[in-house]
Amino acid sequence: MTAQRQASSAAQTPHLSAAELSYLYTSLSLPNNPIRPDGRSPTQFRPLAAECDILPGTNGSARIGFADGTQAIVGVKAEVEKTTLTADTLDARSLSLQSDLGPSGDGREGTEGSSAATGGHGSWVQMSIEIPGFRDDDALPVFLAEMMRESLVGSVGGKDGDGIERGMAGGLKGRLVINKRWHWRLYIDVLLLSQPLSYPLPLLSLTTHLALLSTKLPKLKSQGEEDPFFDDDWAVAEYLYPRASAGLKFNPSQQVRPPVTLLVISVGENVIFDPNREEIAVADAVLAISVTRDTESQGLKLLTIRTIDPPSRLTQPGVPNSENVNMLGATAPGESVAVLNPATGEEEIPGVWRPRRGGVKRSVIAGMVKTVLKKGGVGEEVLAGLEGVQVG
Amino acid sequence: MAITILPPVVEDLGPYQSDSDESMSDNSDSDIEMSGVSRSNKRARLGSKKAGKGIVTPGEVVTDDPQWMRERGRSRHFHKPFIDIYCSHCRRYRQKTNKLLSVHPLRARYTPEIGDLVVGRIVEVQSRRWKVDVAAPLLAQLPLSAINLPGGILRRRTSADELQIRTFFCEGDLVVAEVQSVHQDGAASLHTRSLKYGKLRNGIFLAVTGTGGSGANNSSVKGGVGSLAVPGNATGTGGVVRSRRQVWTLETHNGGGEVDVYLGVNGYIYIAKHADGAAATTSASENVAISRMEEMVSSSIYSSQNDEIPPQTRREIARLAQSIQVLVQGGVRVDEDTVRQAYEASQQVDLEVGDDDEDEHSEGREYLEGSKARRILELVVHGN
């Protein structure tokens, strides 16, 4: 039963008392200036320790440790596979044909006609997540893996720029194509080393991002439609996602980058990033927002938004003093007056916890997305921070 | 910058640079640093007469020299007296004082002792008692008969009370209580039969290591493992220690008013706005006879409604909680003195930092980590 609850809900809900929940909620929903229990500003992340290339047997790997002690390791392995056009891929081909000739209609896949063989296929990326205490077919790991894989393969790079990112046309899927008959298959194995103290999504997503950034594929020696033949010198291997090199002047904002998924909560009117467990427990709404660099507008592009079931729904309501049988005679009548919560539109008695019934205002959701996407906003800072981690 | 990404910290497993050696190296002229890396080497040394301090593992022979005495109290870990000293359960620090050998766990759960003030969380409600999580290996129990029922001392306990047991405490509620007795299996039985004890509200909860773990009750053994450990300082794994006062009221700065700090011996801490209980109740109902005063106060014990807490107080409560976290990360024991010092130090550090960057005003400057935390620890430990 507890496992089910964990799987369906945003966190392993700690048992918090009604008084604690109420205290946290009121602190976090103070207009304009929420007081977080650890004193961070709403957009501040806990410091994290990160390193790349830690596993020698993989094409790319990373480890991130959060300040609360949770750690994750991601390994990316690549394998050459023969492209078979199954019914599924054929279907996808016709779909992608339609979409390519659709509104944009620029047919960027060329005259050969777009097929899974040239455009890549989402199933070429496999992701598995292992979380201690969960089976690998439990809802949480499966859901998380799909959520991250979907934004990963869904992020398609823009049109070819000045020939710089030719390799990344079609995003990650396109990059995996070797030629018409062969392609790379990526296995992304995510391992959470510690118990999931809070919803592990941001940790896993950041670590995956870092691992993909450090992923290298061997340099291809064969040409065209030959069977692939690779340079066995690992030193000349190419990054899966092209990195800025010293010689060429890359503008980092023009490069295709793997997406990151950020966990954002709203409490009252406030938008809070990198919530810890207690903060998630009182959230009105929990969103997982995936963003990536937009190669065209040089800003950020929103890939997906997922709402996550806020655990506050499952909590027990507090008992106001006026209804408390143990306080009969101790409270003066009319002491507790219900006031309207502006964020949810529910009547509440101050100091008494009421579980959220769900639903937040549109403006709050818009605010959350805006804080992530805006220029110089949180999304850019996170991407820039991850870019700065030493690779190699 | 919203996000700070640090390079990984290499955890140094050999920080047992003993500066407490002077006090106890009278019988071994060169105290040996146990590296823990070269096991065969270590064994050889342990077998010798020069038993220094280091980490021992379960089943390991600490020494076979009969000159050593075993420490009392923890002696259940040493089965064969005088000849072979074994230890069980987990890796421990070894410490010697003259001829006394003692082994302290690196990390352990709280072991309840009679009279301890603990903060606990109700995890289960049963027919006549509650099960309380007090960070001990077993859940503690709080019988219905061990709480003060509202309505004065003379109130009879009826079956109605049993039926509405959840109106007193329900799952998730925090209580501050005293350990009344410890059963054979180590499970504790609690009571809240005093106005000092009862349900907690108006504040925040945090959990750190408590007494029993960490060997924190012995201030001379130490080897800081925390990444924040101040160099040149005998630090251990910090945590709450038994002290003269576990509950006290702190006058906070910045208009925060008075704040109560409950340091549970088990490592659970609650920081709440000071409830001037009597005053609040009398203002609610002015005409309370002095004889009924206790009754009135005790009835508010079971309230789960928070009082109105101004933002300044909330801010100071958060700061106090962080100060304690900093202490724990730095491996400093947590008691009334150190908490006070850390809180004052955090104020001072804030002023120092505030001079440096005025433009970054209020952007997360209340978050105490990294350099701020280190500075606070320096101030607490060295006092400068």
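The values are calculated or read from the model by the stated rules, or taken from the named source; none is laboratory data. Computed from a prediction, not measured in an experiment: that's the story for all the values here. We place every Cβ from the backbone using ideal geometry, glycine too, and count neighbours over all the protein chains shown. These accessible areas exclude ligands, DNA and RNA; they are computed on the full protein's heavy atoms, side chains included. Shrake-Rupley method; radii C 1.70, N 1.55, O 1.52, S 1.80 Å.
Taking the stretch B:164-186, which residues are aliphatic (A, V, I, L, M) and away from every other protein chain (no Cβ under 11 Å)? Result: B:Ile165, B:Val176, B:Ala177, B:Val179, B:Val182. Scanning the stretch B:124-139 for residues being loosely packed, with under 15 Cβ neighbours inside 10 Å and within 14 Å of chain A (Cβ to nearest Cβ) gives a total of 1. Just one of (1) open to solvent by less than 10 Å² (accessible area, probe 1.4 Å); (2) at pLDDT below 65 fails for B:Thr63. It is (2). Assess whether A:Ser322 counts as being part of a helix (DSSP H, G or I), modelled with pLDDT under 85, within 12 Å of chain B (Cβ to nearest Cβ) and open to solvent by 10 Å² or more (accessible area, probe 1.4 Å). So A:Ser322 fits the description; yes. Within the stretch A:51-80, can you find the residues that are buried (at least 17 other Cβ atoms within 10 Å of the Cβ), more than 11 Å from chain B (Cβ to nearest Cβ) and either without any contact (Cβ under 8 Å) to a residue 40 or more places away in the chain or hydroxyl-bearing (Ser, Thr, Tyr) (or both)? Passing the criteria: A:Leu55, A:Thr58, A:Ser61, A:Thr70. Name every residue in the stretch A:361-377 that is open to solvent by less than 10 Å² (accessible area, probe 1.4 Å) and within 14 Å of another protein chain (Cβ to nearest Cβ), in order of residue number. Passing the criteria: A:Val372, A:Gly377. Restricting A:Thr304, A:Thr292, A:Thr261 to those that are surrounded by fewer than 21 Cβ atoms within 10 Å (Cβ to Cβ) and either of a type in the set (A, V, I, L, M, F, W, C) or in contact (Cβ under 8 Å) with a residue 24 or more places away in the chain (or both) reduces the list to A:Thr304.
Just for the stretch A:271-281: of the residues that are within 13 Å of chain B (Cβ to nearest Cβ) and crowded, with 21+ Cβ neighbours inside 10 Å, which one is nearest to A:Arg354 (Cα to Cα)? Give the steps one after another, and end with the answer.
Taking the stretch A:271-281 and keeping what is within 13 Å of chain B (Cβ to nearest Cβ), we get A:271-274, A:276-279, A:281.
After this cut, where a residue has to be crowded, with 21+ Cβ neighbours inside 10 Å as well, the list is A:271-274, A:278-279, A:281.
Values: A:Val271: 20, A:Ile272: 20, A:Phe273: 23, A:Asp274: 24, A:Glu278: 16, A:Glu279: 15, A:Ala281: 12 Å.
Out of the qualifying residues, it is A:Ala281.
B:Glu363 meets the conditions (1) surrounded by fewer than 20 Cβ atoms within 10 Å (Cβ to Cβ); (2) facing chain A (nearest Cβ under 8 Å); (3) at pLDDT below 85; (4) within 30 Å of A:Val352 (Cβ to Cβ) in every case but one. The failed one is (4).
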